[in-house]
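Written below as structure tokens is the structure these notes are about.
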Amino acid sequence: MFTGLIEELGEVSSVEALDDAVRLTVRGPVVTTDAVPGASIAVNGACLTVTAVADGAFSADVMAETLRRTSLRNATTGHLVNLERPLRLADRLGGHLVQGHVDATGTVLHRSHTDEWDVLRISLPETCRAYVVEKGSIAVDGVSLTVSGIGEDWFEVSLIPTTLAATTLGRVEPGDPVNLEVDVLAKYTERLLRRSER
């Protein structure tokens, strides 16, 4: 379980093709300080299992299902990624509950700049539309954000300077894919309501 508060920007140092998978090695000196094989680290919002740690970097095998559902399928050497270690039960929950289970990818449709913040408009896949509401929470590339605007097939988030500087969202442009994770509580609520209607 994560909070969507990014700890550092990591850099992909290698991408090794495996049978039906990819082994990513990511430089992240902060998140590797206490990482061991078997630990979890969210990479652009996708929870990955650490397979090796060395010299401020970690490796993780990304299975075909994860590659299919996330933008990690586009990762290349030098690619910057958002990194977060799992939540400790004694920590403050500054963002929202993020599982690291990416629901879909969206595409950045528009980016507008102001002196104070940026606004990103992102496509909203049909499979996610029922779970996204204005002022609700969503994770975009693992970053916990509040939905500031919504249409039938898009939503908007407003990004403060800290988020722009500390995450990959400061660098994405129209046409770029981003990982989306909707609020898990909304999914459970929908399932419970469907069962009660039977």
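Any read-out appearing in this document is the output of simple, stated calculations on the displayed coordinates, not a laboratory observation. Treat the numbers as computed from the prediction; the structure is a model and nothing was measured. Neighbour counts run over all protein chains shown; Cβ positions are idealised from the backbone, glycine included.
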Hey, E134 surrounded by 11 or more Cβ atoms within 10 Å (Cβ to Cβ), within 17 Å of T146 (Cα to Cα) and acidic (D, E) or not: yes
Wholly enclosed strands (runs of 3 or more DSSP E) of region 1-88 bearing at least 2 residues among the hydroxyl-bearing types (S, T, Y): 8-18, 46-54
Condition check for V30: under 19 Å from E7 (Cα atoms) and either aromatic (F, W, Y) or within 16 Å of the chain's Cα centre (by Cα) (or both): no
Close pairs from region 85-97: first surrounded by 16 or more Cβ atoms within 10 Å (Cβ to Cβ), partner in a loop (DSSP other than H, G, I, E, B) and of a type in the set (D, E, K, R), Cβ under 7 Å, at least 6 apart: R85/E7; H96/D183
Residue in region 4-18 that is buried (at least 19 other Cβ atoms within 10 Å of the Cβ) and either of a type in the set (S, T, N, Q) or more than 23 Å from E181 (Cβ to Cβ) (or both) present: no
Filtered residue count, region 102-124, keeping only those that are assigned to a loop (DSSP other than H, G, I, E, B) and loosely packed, with under 15 Cβ neighbours inside 10 Å: 3
